[in-house]
1. Using the Karplus curve 6.51 cos²θ - 1.76 cosθ + 1.60 with θ = phi - 60°, work out ³J(HN,Hα) for each residue of segment 134-144 in order, rounded to whole Hz, and write x for Gly and Pro.
2. Roughly how far apart, in whole Å, are the Cα centres of segment 165-205 and segment 66-91?
3. Going by a ≥ b ≥ c, the root eigenvalues of the Cα gyration tensor, does segment 136-295 fall in the rounded group (a/c under 1.5), the prolate group (a/b larger than b/c) or the oblate group?
4. Per residue of segment 78-83, what does 6.51 cos²θ - 1.76 cosθ + 1.60 with θ = phi - 60° give for ³J(HN,Hα)? Whole Hz please, x for Gly and Pro, Karplus curve as stated.
5. Indicate the gyration tensor shape class of segment 1-76 (rounded, prolate or oblate), computed on the Cα atoms with a ≥ b ≥ c the square roots of the eigenvalues: a/c under 1.5 is rounded; otherwise a/b larger than b/c is prolate and the rest oblate.
6. Classify segment 1-152 from the C-alpha gyration tensor, please: rounded if a/c falls under 1.5, else prolate or oblate depending on whether a/b exceeds b/c.
7. Counting Lys and Arg as +1 and Asp and Glu as -1, what is the net charge of the other residues whose Cβ lies under 11 Å from the Cβ of Asp43?
8. Taking amide H atoms as placed 1.01 Å from N in the peptide plane, list the residues 5 or more away in sequence, or in a different chain, whose amide H sits under 5 Å from that of Asp261.
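The values are calculated or read from the model by the stated rules, or taken from the named source; none is laboratory data. As the structure is a prediction and not an experimental result, all values here were calculated from the model. A quick note on method: Cβ atoms are made from the backbone with ideal geometry, for glycine too, and the neighbour counts reach across all protein chains shown. Quick note on the areas: whole protein, heavy atoms, side chains included, nothing else; ligands and nucleic acids left out. Shrake-Rupley method; radii C 1.70, N 1.55, O 1.52, S 1.80 Å.
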Amino acid sequence: IWYFVRDGLWGGYKSYRKDTAKLVDPLVKCKSLHEVFLQYEKDGIMARLDTSTIPEVFKGATIDKSELAGFKSIKDVVRLGRVTSITSDEIKLEKGAVPLPAPPADTLFVDCMADMDGTFYGFRVAEDFKIFDGDQINMGPLIVSYNVCCSAAIIAYIESTFADDSEMRNNLLYFARGEKQNKFDSKSFFSQFYYQNKTFKALGAYPPAIQFVLNSRTFLDAPCHHYLGLPGFIWAMAGPSQMAKKANKFVERVESGDFPDCQDCFGVAGRKLPEPKDLKIKEKSKVKSNYPPQKELKPKSKFGLNCCASVDIVNAVEKSGDPTNMNGAVKSNA
């Protein structure tokens, strides 16, 4: 199994944007998804317990360097598959057996196995799965990479904002469907990132939806969570790091079949993004809500901005061709 190395990836509050670039840069530079993982390992942000084997599983498990060293200190490692049963004198596995020390009553067994039924912790997303299905909402698939709360928040926003048209609402969401795409193998990290980017592009057909995401406290990348706030976010997206451009390049590489180990576009080949004319917005309720309590918004940045302006400003900075011209972009969007 591949692991995220927590203290190798995240250096601290002030370095978050720079640290994130370590995840995105190899997606543009490496020739294959397999090579990306190996580059992550070289950069110290991912690890495996045994460097003589190539892990086939990745579920977002995260450990720190001291825990990794502790795991690697274990020398008695058995690689015979999953345990099928335990008798009074041996542990039976898929590919063999291991004798138990005597007396077995003094031996403690800790079952850390999961997915014995071939599902992801008991959940299976069928090929024809729909989140919006008539008068009900089916929860489960992740819309944002490894972020259950933000995924649920986006689904709730779509339900409360867009007209009661299940097909239109579902067209805004990208996620893993079917048995092939729901295998949490080493490609699952990249598929999650791809689906997230496609969902955000789909939501971009209605700019207030992206404003909602960028203001959401459940969204890890939201400017409000990080050093320098909105200016720091814009600098990361459109400045020298070119994070937005690189994320788009990764999507293009997936869809063009540029990665030899991903030729199926993660199951969504040929699917078109919705256009603004395809979206229908609910009529606003005439009943005035008292939630959330209205408070006077005080800009947190020296530019006098709140997060909701970020999409327009990123576009303005990109059009100017000068990522240092932040003040000009702010004035043009004031």
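1. Rounded to whole hertz, the list is x, 9, 9, 10, 9, 8, x, x, 7, 9, 10.
2. Between the Cα centres of segment 165-205 and segment 66-91 lies a distance of 35 Å.
3. oblate
4. Each residue's phi maps through the Karplus curve to give 10, 10, 10, x, 7, 6 Hz.
5. oblate
6. It is oblate, given that a/c is not under 1.5 and a/b is not larger than b/c.
7. Local charge sum for Asp43: -1.
8. Leu33
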